[in-house]
Amino acid sequence: MDHHFQRIKWVLTKGLSLGNNHFIMNTMTNKKDNKSSWAIGGGLLIGMGIGLFYLERSPLLFAGCMFIGLGVGLVVTGILSKKSL
C-alpha cells in the first residue's frame, strides 16, 4: 500500500510520462507563471460579457462574440509567447 502512495507522490512531483521520455510537468512544481491561459480565458469571458447584451436579439451574435473573444485571447497568447522567447 505504501508503494502506491510513493508512486502517486512521484507522479504529482515529477509529471506524467507520455512515452519516449516526454513529460507533462505539474503546474504546482513549475515556478514560471504562464499567463497564456489567463489571456485565453480572459478573452473568452470578455466576449461572453459583451455577448450577453446581444443575447435577446440573437443567440448567434452571442456565440459570435464568444468566438471573437476567444480569438483575441489566442492572439494575445501568441504575442506573450513571442515576448518570452
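Details
- Complete set of residues in the range 17-68 that are modelled with pLDDT under 90 and over 24 Å from Leu80 (Cα atoms): Ser17, Leu18, Gly19, Asn20, Asn21, His22
- Count of the range 54-72 residues which are out of contact with any helix residue (DSSP H, G or I) (no Cβ under 6 Å at 6 or more places or on another chain) and without any contact (Cβ under 8 Å) to a residue 24 or more places away in the chain: 9
The values are calculated or read from the model by the stated rules, or taken from the named source; none is laboratory data. The structure presented is a predicted model; accordingly, all values stated were derived computationally and were not measured. Every residue, glycine as well, gets a Cβ built from its backbone with ideal geometry; the counts of neighbours run over all protein chains shown.
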